[in-house]
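The values are calculated or read from the model by the stated rules, or taken from the named source; none is laboratory data. Remember, predicted model here, so these are calculated numbers, not experimental data. Note that each Cβ is placed from the backbone with ideal geometry, even for glycine, and that neighbours are counted across all protein chains shown. These area figures cover heavy atoms from the full protein model, side chains too; ligands, DNA and RNA do not enter into them. Shrake-Rupley method; radii C 1.70, N 1.55, O 1.52, S 1.80 Å.
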Amino acid sequence: MTATAAAPDPTMEAIGNAVVLGREGDIESARRDLLAIWQQIGVAGDPFHRCTLAHYLADLYEDAAEALIWDVRALDAADALTEERAQQHHATLHVAGFYPSLYLNLADNLRRLGSFGAAAEHINSAQQHTSALPDDAYGATIRTAINEVHQAIDNRDITCRASAPGAAR
């Protein structure tokens, strides 16, 4: 028996549609749509929706400070997210698996802002959570990015990584 998604979730479908727009290069429409969804969700809404939306929205900002705001929101939402809620969306999801990428993104934005001490703390947190990553292409991508950001922090490099997610990067 294969794991499948639960009942349709219109909010996740709308988030997914906006993400597709962004990946196709329509950054402004993607950002507009995600911000409209954020207004519907609200800061105290469903943590799964907030985490997912904020995580993707951060990628649509070229400015590291703006991206950082959304990455912090994504991490805060993950901290409020239960395993049960994540698995309502898909039976294979585990909240622990969100943290390597969330901490990586925080570290990368802090690094780009020149806050190397804070960036180092967050990249260390990302590394401490890598055991929750799957042994697949996604896990390899996140592990590689963690190593790249760690190296960039050590080198005091504030330039945007070529491999950073999002069409805005």
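Some points to look at:
- Residue within the stretch 122-134 that is open to solvent by 70 Å² or more (accessible area, probe 1.4 Å) and without any contact (Cβ under 8 Å) to a residue 12 or more places away in the chain present: yes
- Given (1) modelled with pLDDT of 95 or more; (2) under 14 Å from Leu102 (Cβ atoms), number of the condition Gly117 does not satisfy: (2)
- Helices (runs of 4 or more DSSP H) wholly inside the stretch 88-169 that include at least 3 residues being of a type outside the set (S, T, N, Q) and more than 25 Å from Tyr61 (Cβ to Cβ): 137-154
- Residues of the stretch 88-115 satisfying the condition of being free of Cβ contacts under 8 Å to residues at least 60 places away in the same chain, open to solvent by 20 Å² or more (accessible area, probe 1.4 Å) and either charged (D, E, K, R) or more than 19 Å from Ala126 (Cα to Cα) (or both): Arg112
- Some residue of the stretch 8-26 being open to solvent by less than 40 Å² (accessible area, probe 1.4 Å), touching a residue at least 24 places away in the same chain (Cβ under 8 Å), of a type in the set (D, E, K, R) and not in a helix (DSSP H, G or I): yes
- For Asp71: the one exception among (1) under 14 Å from the mean Cα position of the chain (by Cα); (2) farther than 25 Å from Asn155 by Cβ; (3) open to solvent by less than 30 Å² (accessible area, probe 1.4 Å): (2)
- Restricting attention to the stretch 39-62, the residues that are part of a helix (DSSP H, G or I), within 15 Å of the chain's Cα centre (by Cα) and more than 20 Å from Gln88 (Cβ to Cβ) total 2.
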